[in-house]
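Student: Below are the structure tokens for one structure; questions will follow.
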Amino acid sequence: MAKQNYGMPNMQQLMKQAQKMQKQMEEAQAKLEDVTVSATVGGGVVEVVASAKKEIKSITIKEEVVDPDDIETLEDLVLAAVNEALRQAEEVSQQEMGKVTGGMPTGGLF
């Protein structure tokens, strides 16, 4: 008499699916290397470009915002632009990875 499986998933099939998902995750992460986001503040006087992997690629500061007597404002503008660029990068990253995981959190598995 053949042994019945009673709906238990085949372990080999699960491993293949996990390997396929891991490969898709790696491909999505590699794709994120080339995706960039841009954030501007102060009416465009400070711009920060970041990769979707949350690496700052460039910071552009227009000359008119550079005031030696008011460094604090420039620091605040740069900080705001960097934080916004990183927020956008995180959003793009989550969207791309969500395509692979179906919205399931990966919990650092891949």
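The values are calculated or read from the model by the stated rules, or taken from the named source; none is laboratory data. All of these numbers come straight from a predicted model, not from anything done at the bench. For neighbour counting, all protein chains shown are included, and Cβ atoms are generated from backbone atoms with ideal geometry for every residue, glycine included. These area figures cover heavy atoms from the full protein model, side chains too; ligands, DNA and RNA do not enter into them. Shrake-Rupley method; radii C 1.70, N 1.55, O 1.52, S 1.80 Å.
Student: Residues being assigned to a strand (DSSP E or B) and either among the charged types (D, E, K, R) or open to solvent by less than 20 Å² (accessible area, probe 1.4 Å) (or both): count how many of those fall in segment 24-56.
Tutor: So in segment 24-56, the residues assigned to a strand (DSSP E or B) come out as 36-41, 46-51, 56.
Filter again for either among the charged types (D, E, K, R) or open to solvent by less than 20 Å² (accessible area, probe 1.4 Å) (or both), leaving 37, 39, 46-48, 50-51.
Count: 7.
Student: Out of curiosity, is GLU90 open to solvent by less than 100 Å² (accessible area, probe 1.4 Å), assigned to a helix (DSSP H, G or I) and acidic (Asp, Glu)? Spell out the reasoning first.
Tutor: On the way: open to solvent by less than 100 Å² (accessible area, probe 1.4 Å): yes; assigned to a helix (DSSP H, G or I): yes; acidic (Asp, Glu): yes.
Answer is yes for this residue.
Student: Continuing with this model, one more query. Can you confirm whether GLN4 is at pLDDT 85 or above and either loosely packed, with under 12 Cβ neighbours inside 10 Å or on the phi > 0 side of the Ramachandran plot (or both)? Quick ask: steps written out before the conclusion?
Tutor: Numbers: at pLDDT 85 or above: no; either loosely packed, with under 12 Cβ neighbours inside 10 Å or on the phi > 0 side of the Ramachandran plot (or both): yes.
Against the criterion (at pLDDT 85 or above and either loosely packed, with under 12 Cβ neighbours inside 10 Å or on the phi > 0 side of the Ramachandran plot (or both)), GLN4 does not qualify.
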